[in-house]
Amino acid sequence: MPMPTEIIGLLRSRLTFKWPDGCETVIDARDLRLRCRCAQCVDEVTGAPLLEAGRVPDNVRAKNIRLVGQYGFSIDWTEAPCANIYTFRALRALCACERCNAARAAGQEPGGG
């Protein structure tokens, strides 16, 4: 899975991940925060959510984004520390553009990963 060519969204309400093929994944910062799958946010054994949506403020923002290996990003959020990793594959799966929707409809993975 290719990595994004550009990320826009530090301290903004929405994050945009631009991909080499021209697609853009745009997601609200709060929605992305709520998708965290780290051990602080999801029980590792049961998969039950530990992060309560009501405790994540509407104005949560990404204050730092770091590359993790060749497969994803870690985001420091303004509201609380979190040990998250968002993989490129998971971020690309959130893309709702016409090209990615068509790929999914054809049984293919968006981004060709």
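The values are calculated or read from the model by the stated rules, or taken from the named source; none is laboratory data. Values in this document were obtained by computation on a predicted structure and should not be read as measured data. Positions of Cβ are backbone-derived with ideal geometry, glycine not excepted, and every protein chain shown enters the neighbour counts. Side chains are part of the model used for accessible areas, which takes the heavy atoms of the whole protein and leaves out ligands, DNA and RNA. Shrake-Rupley method; radii C 1.70, N 1.55, O 1.52, S 1.80 Å.
Couple of notes before you dig in:
- Flag set for residue 15, criterion: touching a Gly at 6+ places or on another chain (Cβ under 6 Å), under 15 Å from residue 95 (Cβ atoms) and in contact (Cβ under 8 Å) with a residue 24 or more places away in the chain.
- Candidates in the range 18-44 are the residues that are touching a residue at least 60 places away in the same chain (Cβ under 8 Å), of a type outside the set (A, V, I, L, M, F, W, C) and not in a loop (DSSP other than H, G, I, E, B); of these, the one that is least open to solvent (accessible area, probe 1.4 Å) is 25.
- The range 45-92 - residue that is out of contact with any Gly (no Cβ under 8 Å at 6 or more places or on another chain), touching a residue at least 12 places away in the same chain (Cβ under 8 Å) and of a type in the set (S, T, N, Q) and, of those, most open to solvent (accessible area, probe 1.4 Å): 70
- Selection within the range 1-17 - part of a loop (DSSP other than H, G, I, E, B) and among the hydrophobic types (A, V, I, L, M, F, W, C): 1, 3, 11
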